[in-house]
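Let me begin by presenting the structure, written as structure tokens, before commenting on it.
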Amino acid sequence: MKKIFTTVFLLMLAGVKAQLPSLSFEGTWPASPFNAAPDPSGWVTTNVLTSPFISSSNATTTTQHTLACNGNASMRIETKTFVTTGMLSTYIPTIAGFGFAGQIVTFPSVALRDGFPYNSKPTSVSYCYIAQPQPQDTAGVRILLWRYAGTRNYIGFAEKKYTTSNNSLANETLTISYTSTLTPDSMGIYVASSFKFPTSGFTIRDGAKPGSILILDNITFNISGLNDYSSNIKFNVFPNPANQFLFIQSDNIQKKNAVLVDLTGKVIFKSYFEDRLKILTEKFEEGLYILQITDENGKPLVNRKINIVH
């Protein structure tokens, strides 16, 4: 049996400057210069093993599937057996099926880097899934939040393992447990048809079974306090999910301020309006955003989750 991915290989660099990952898996997945089969935007999967530098005969494990609980697509991961050649064969598992939010970096050396910038403390994570692990195998999802100060200080955790199969999309919500009052600066999302992560650490163990499957869609993070505020002004915000445009209508022509914030807390759009506003969303990365509307004096009126899919 080949040796597993080591912590050094997965976590070569501790700092995070990755793009926000796709959470709905819609649109055309971007081509990768590192592997023949594309991965969802902001994700690394066992499709890296299709690289000609490893073995061009390796099968694609992660594909865009037409089953979906929201939109038209989901991510499907299947555990498969690989052929490995060259210097990386020492580190590549013979059998695997996994993906994580992250990227491949090339400087100062080629490595897989997990995680992306994130500075909120969600109470839970929701998604829909189909898990079909082979006997004696386990599929699963793991969420980690940390703050980097020379080393990773892990402060949030959620995990679910699946040992039995379901045949249709089911909804799941995991409570995120926190061990610190610190606000994180990074998040990691780890999913696998053969979930071989140990209790502590990130080494992927041998023992996966070919044919195990995990289908995942519509990952959303639930942040407390996102209900609209009490107001005599009525708002209509549509469509949600948004694709090319997001429209805001109100029954009041007084001046208001609309702000769209991503999950890292970065303001990506800001505009004043009176009774209606059209936001061009096709230029934004797909994912979950927070729409905040205040009156001209700064009084909060709307605090709402907006999902953008392409």
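The values are calculated or read from the model by the stated rules, or taken from the named source; none is laboratory data. Predicted, not measured: the structure shown is a model, and the values here were computed from it. Don't worry about glycine lacking a Cβ; one is built from the backbone with ideal geometry, like all the others, and counts go over all protein chains shown.
A compact table of results
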{"item": "The listed residue being within 18 Å of the chain's Cα centre (by Cα), in the same structural domain as M75 (by TED's automatic domain parsing) and modelled with pLDDT under 95, out of N153, N119", "result": "N119"}
{"item": "Of residues in region 126-142 being more than 9 Å from S212 (Cβ to Cβ) and in a strand (DSSP E or B), the one modelled with the lowest pLDDT", "result": "S126"}
{"item": "From the options T61, T66, residue that is buried (at least 18 other Cβ atoms within 10 Å of the Cβ), out of contact with any His (no Cβ under 6 Å at 6 or more places or on another chain) and hydroxyl-bearing (S, T, Y)", "result": "T61"}
{"item": "Odd one out for L263 among (1) more than 23 Å from the chain's Cα centre (by Cα); (2) touching a residue at least 60 places away in the same chain (Cβ under 8 Å)", "result": "(1)"}
{"item": "Of all residues in region 35-46 being polar (S, T, N, Q) and in contact (Cβ under 8 Å) with a residue 40 or more places away in the chain, the one that is surrounded by the most Cβ atoms within 10 Å (Cβ to Cβ)", "result": "T46"}
{"item": "Near pairs, Cβ below 6 angstrom, 6+ apart or cross-chain, from region 47-63 (within 19 Å of I77 (Cβ to Cβ)) to any residue that is in a loop (DSSP other than H, G, I, E, B) and acidic (D, E)", "result": "N47/D39"}
{"item": "Meets criteria (surrounded by fewer than 21 Cβ atoms within 10 Å (Cβ to Cβ), at pLDDT below 90, under 28 Å from R76 (Cβ atoms) and not hydrophobic (A, V, I, L, M, F, W, C)) for T90", "result": "no"}
